Amino acid sequence: MHELAITQSVVDSVCERAEGRPVRTVRVRVGALTAVVPDSMRFCFGLVTEGTAAEGAELEIEQPPGAGRCRTCAVEFTLTDLILLCPCGSADVEITSGQELQIVSMRVG
């Protein structure tokens, strides 16, 4: 389960930035095409925050949908998975959204 390692990295970064202050909320952006399961990340968050400045913090997850742009016909469309195929039939697709994995903000105090 790679969510555990990802969540551990998020908590480590947040706690380092908090500089000992209690963390109340952590907001992350996890794109729909990252293969990270939000429910698994929430479960792992509860485990890895134990005994840290983020213990008891709320994890808010934004999950932007996948989107792509066809290099052949220039159409922009929604991607529900990593099968990169434009409605025109072209496989020459650029992913424009959905691969984000970032800490957006945190609330401390």
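General remarks:
- The trypsin sites (Lys or Arg not before Pro) of the range 1-93 meeting both criteria, a DSSP state outside H, G, I, E and B (loop) and at most 14 other C-beta atoms within 10 angstrom of the site's C-beta, are ARG71.
- With θ taken as phi - 60° and the Karplus curve 6.51 cos²θ - 1.76 cosθ + 1.60 applied, the whole-hertz 3J(HN,Hα) list for the range 78-85 is 7, 10, 9, 7, 8, 7, 8, 9 Hz, x standing for glycine and proline.
- Computed extension gain for SER105 through SER9, at 0.36 nm per residue and net of the alpha carbon distance, reaches 33.1 nm.
- Excluding ligands, DNA and RNA, the accessible surface per residue across the chain is 58 Å² with a 1.4 Å probe.
- Sparse-neighbour loop sites [GluC sites (Glu not before Pro); the range 1-40; at most 14 other C-beta within 10 Å; DSSP]: GLU19
- Against the chain, whose longest principal axis is taken from its Cα atoms, helix 38-48 shows a tilt of about 20°.
- The range 59-107: GluC sites (Glu not before Pro) falling in loop per DSSP and having at most 16 other Cβ within 10 Å: GLU100
- For LEU82, the accessible area of its heavy atoms, probed at 1.4 Å with every protein chain present, is near 110 square angstrom.
The values are calculated or read from the model by the stated rules, or taken from the named source; none is laboratory data. Note that the coordinates shown come from a computational prediction; the quantities given were computed from them, not determined experimentally. Virtual Cβ from ideal backbone geometry, glycine too; neighbours counted across all protein chains shown. In case anyone asks, the SASA skips ligands and DNA or RNA and just uses the protein heavy atoms, side chains included. Shrake-Rupley method; radii C 1.70, N 1.55, O 1.52, S 1.80 Å.
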